[in-house]
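**Student:** Have a look at this one before I ask anything.
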Amino acid sequence: MTSAPTLRLASYNIQKCVGLDFRRQPQRIMQVLDGLQADIVVLQEADKRLPPRPAALPHFMLDEAGWQIVDLGGAGSLGWHGNAVIWRGQGIEVRETGHHELPGFEPRGAVRVEFETQIGPLRVMGMHLGLLHASRRQQITHIRRFDADLDQMPTVWAGDFNEWSRQPVLDHLAPDMQFLPPVPSFPAAQPLGALDRIALGQGLEASGHGVHDARPAHIASDHLPVWADLKRGP
C-alpha cells in the first residue's frame, strides 16, 4: 500500500542572520535550512530593518542551494515586512501571492502564498505578530477575518507569534485553526518559550512536528526553527 504524500513546512525567525554571538553569518542560517529538509520555509526577520530593507539572507546563497524565493513585492528584499517564503523540490508551484498590513502598536505584516504541491492546493500565511498582547489579539482576529473572505483552500499559518503564555490564547481566537502542540523554540541556546507556532486549517493533518535544534541552530539565530510534516486530512 502506497503511503499518502507529505510536505514538510517549517518556520524560522532568522534574526537578520545575526547569531547569539552577535555575528552576522548567513552561511549558518543556510546550514540550518539544509538540515531542516523542508519543502517550504516561512521566514521572519529575513530583511534588514531600515529602508530600503535589503535582504539579510543573500539571494545568491539561496539560489546556489536550490531554493526558490516567492516574490512578495519588496524590491531588493527577500520578502515583505521581514516575512519571506522560500521553497525547493519537485511538484511545487506558486499560484498566487499577497501581503497584508496588520493592526497594532508596531508596524507588522503578514504574507500569503498559494501553492500547488504534492499534497494538493495549499495556502500558506506567514506572520510575525507584535510584542503586545492586545496587538496580537487584533492581528489574529484580522488574519482570521481576512482568511474567511478568501476562496476555501487547505490553509496553514506559520510564524513567530510572540506568545509566551502556555494557555491556549491563540487557539481561542481562531477556533477554526488547529494549533499544533507548542514546542519551546526561544531562546535558541536554552529554549523556554514556544513563540514559533504552526496552525492547520480544515483539510490538513500533521503526521509529525517538532523543533529543529541540530547545530548550528543553537547559535545561528535567537530562535530555533519549528517544522511540521503535512498531509491531506478529512
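**Student:** What do you reckon, is PHE146 within 19 Å of LEU9 (Cβ to Cβ) and in contact with a strand residue (DSSP E or B) (Cβ under 8 Å, 6 or more places away or on another chain)?
**Tutor:** Details: within 19 Å of LEU9 (Cβ to Cβ): no; in contact with a strand residue (DSSP E or B) (Cβ under 8 Å, 6 or more places away or on another chain): yes.
Against the criterion (within 19 Å of LEU9 (Cβ to Cβ) and in contact with a strand residue (DSSP E or B) (Cβ under 8 Å, 6 or more places away or on another chain)), PHE146 does not qualify.
**Student:** Restricting attention to the range 213-229, which residues are buried (at least 19 other Cβ atoms within 10 Å of the Cβ) and in a loop (DSSP other than H, G, I, E, B)?
**Tutor:** Within the range 213-229, SER221, HIS223, LEU224, PRO225 qualify.
**Student:** Assuming GLU93 fulfils every condition listed in (1) surrounded by 13 or more Cβ atoms within 10 Å (Cβ to Cβ); (2) of a type outside the set (S, T, N, Q); (3) touching an Asp or Glu at 6+ places or on another chain (Cβ under 8 Å) apart from one, which condition is it?
**Tutor:** Here GLU93 clears every test but (1).
Let's see how each residue does on (1) more than 17 Å from MET127 (Cβ to Cβ); (2) hydrophobic (A, V, I, L, M, F, W, C); (3) modelled with pLDDT under 95; (4) in contact with an Asp or Glu (Cβ under 6 Å, 6 or more places away or on another chain):
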site	(1), (2), (3), (4)
ALA4	yes, yes, yes, no
LEU9	no, yes, no, no
CYS17	yes, yes, no, no
ARG28	yes, no, no, no
LEU36	yes, yes, no, no
PRO52	yes, no, yes, no
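**Student:** Give the range 116-175 a look and list any residue that's assigned to a strand (DSSP E or B) and surrounded by fewer than 18 Cβ atoms within 10 Å (Cβ to Cβ), or say none.
**Tutor:** Start the filter on the range 116-175 by keeping residues that are assigned to a strand (DSSP E or B), which leaves 116-117, 120-128, 155-160.
Answer for the range 116-175, where residues must be assigned to a strand (DSSP E or B) and surrounded by fewer than 18 Cβ atoms within 10 Å (Cβ to Cβ): GLU116, GLY120, PRO121.
**Student:** Where residues in the range 183-198 are farther than 20 Å from ALA110 by Cβ and either aliphatic (A, V, I, L, M) or touching a Lys or Arg at 6+ places or on another chain (Cβ under 7 Å) (or both), which of them is surrounded by the most Cβ atoms within 10 Å (Cβ to Cβ)?
**Tutor:** ALA188
**Student:** Another question about this same structure. Could you grab me the full set of residues in the range 151-165 that are on the phi < 0 side of the Ramachandran plot and touching a Gly at 6+ places or on another chain (Cβ under 9 Å)?
**Tutor:** Here is the first cut: in the range 151-165, the ones on the phi < 0 side of the Ramachandran plot are 151-158, 160-161, 163-165.
GLN152, MET153, PRO154, THR155, VAL156, TRP157, ALA158, GLU163, TRP164, listed by residue number.
**Student:** I'd like to verify a number: residues in the range 4-54 that are within 21 Å of GLU106 (Cβ to Cβ) and free of Cβ contacts under 8 Å to residues at least 60 places away in the same chain, how many?
**Tutor:** Taking the range 4-54 and keeping what is within 21 Å of GLU106 (Cβ to Cβ), we get 11-16, 18, 42-54.
Subset that is free of Cβ contacts under 8 Å to residues at least 60 places away in the same chain: 16, 46-54.
Count: 10.
**Student:** Only residues that are of a type in the set (Lys, Arg) and either part of a strand (DSSP E or B) or buried (at least 19 other Cβ atoms within 10 Å of the Cβ) (or both): list them for the range 17-45, please. Show your work before the answer.
**Tutor:** Within the range 17-45, the first condition is being of a type in the set (Lys, Arg), and the residues that meet it are 23-24, 28.
Result: ARG24, ARG28.
**Student:** Does GLN68 satisfy being touching a residue at least 40 places away in the same chain (Cβ under 8 Å) and surrounded by 13 or more Cβ atoms within 10 Å (Cβ to Cβ)? First the steps, then the outcome.
**Tutor:** Numbers: touching a residue at least 40 places away in the same chain (Cβ under 8 Å): no; surrounded by 13 or more Cβ atoms within 10 Å (Cβ to Cβ): yes.
Spelling it out, it is not the case that GLN68 is touching a residue at least 40 places away in the same chain (Cβ under 8 Å) and surrounded by 13 or more Cβ atoms within 10 Å (Cβ to Cβ).
**Student:** Answer yes or no: is there a residue in the range 80-89 that is under 19 Å from MET127 (Cα atoms) and surrounded by fewer than 18 Cβ atoms within 10 Å (Cβ to Cβ). Break it down stepwise before answering.
**Tutor:** Of the residues in the range 80-89, the ones under 19 Å from MET127 (Cα atoms) are 80-87.
Narrowing the set further to residues that are surrounded by fewer than 18 Cβ atoms within 10 Å (Cβ to Cβ) leaves none.
Within the range 80-89, none of the residues are under 19 Å from MET127 (Cα atoms) and surrounded by fewer than 18 Cβ atoms within 10 Å (Cβ to Cβ).
The values are calculated or read from the model by the stated rules, or taken from the named source; none is laboratory data. Being a predicted model, the structure only gives us computed values, none of them experimental. As a convention, Cβ positions derive from the backbone with ideal geometry for all residues, glycine included, and neighbour counts pool all protein chains shown.
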